[in-house]
1. I'm trying to understand the selection: among the residues of segment 78-93, which are over 40 Å from the mean Cα position of the chain (by Cα) and not acidic (Asp, Glu)?
2. For the subset of segment 10-26 comprising residues that are acidic (Asp, Glu) and at pLDDT below 90, which member is surrounded by the most Cβ atoms within 10 Å (Cβ to Cβ)?
3. Which numbered condition in (1) assigned to a strand (DSSP E or B); (2) at pLDDT 85 or above is the only one that residue 31 fails?
4. Could you please find all residues in segment 2-28 being among the hydroxyl-bearing types (Ser, Thr, Tyr) and part of a loop (DSSP other than H, G, I, E, B)?
5. Quick one: in segment 54-68, which of the residues that are surrounded by 12 or more Cβ atoms within 10 Å (Cβ to Cβ) and part of a loop (DSSP other than H, G, I, E, B) is modelled with the highest pLDDT?
6. Between a first residue in segment 1-19 that is in the same structural domain as residue 31 (by TED's automatic domain parsing) and of a type in the set (A, V, I, L, M, F, W, C) and a second residue that is exposed (fewer than 11 other Cβ atoms within 10 Å of the Cβ) and at pLDDT 80 or above, which pairs have beta carbons less than 7 Å apart while being 6 or more apart in sequence or on different chains?
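The values are calculated or read from the model by the stated rules, or taken from the named source; none is laboratory data. Because the structure is predicted, anything quoted here is derived from the model rather than measured. Cβ placement follows ideal geometry from the backbone for every residue including glycine, while neighbour counts extend to all protein chains displayed.
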Amino acid sequence: MSKETTYIYESPDGGRTIYRREFGESERKQIKPHRDRWHGEEKKYWTCHICKKSTMETEYDYLAAHNLHLECALKAELKEMKATEKKCPYCEAGL
C-alpha cells in the first residue's frame, strides 16, 4: 500500500501568493509567486492622463480611450467650452 502525501495550501494575501506544506509539517514552500499585474509600460498604458487613476478595470462603456475616463473627458470638454464662451463685457450674458 502506497502512502500518498497530503498537502495543506495557504494564501496570506487572498490568493495572489500560494504556499503549500505537507500535512503535519510547519515548513512551507511557495508555489505561486505574487505578481503585480501593474508594472512598467502596462501601468502607463492603463492610466488616465487627466486624473492619473487606473483605467484597467473600468468598463469600456465608461472610457473615451484606453487612457481616458469618459467622465474626465466630458469634464475637460465642458471646462474648455466655458473658457472659450464669449460674454458681454457689461452684463456677463452669453453672446
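1. 87, 88, 89, 90, 91, 93
2. Pass one, segment 10-26, residues acidic (Asp, Glu): 10, 13, 22, 25.
Right, trim to at pLDDT below 90 and you get 10, 13.
Working: 10: 11, 13: 8.
Only one residue fits best here, namely 10.
3. Residue 31 satisfies every listed condition except (2).
4. Across segment 2-28, the qualifying residues are 2, 5, 6, 11, 17, 26.
5. Going through the qualifying residues, I end up with 67.
6. 8/23
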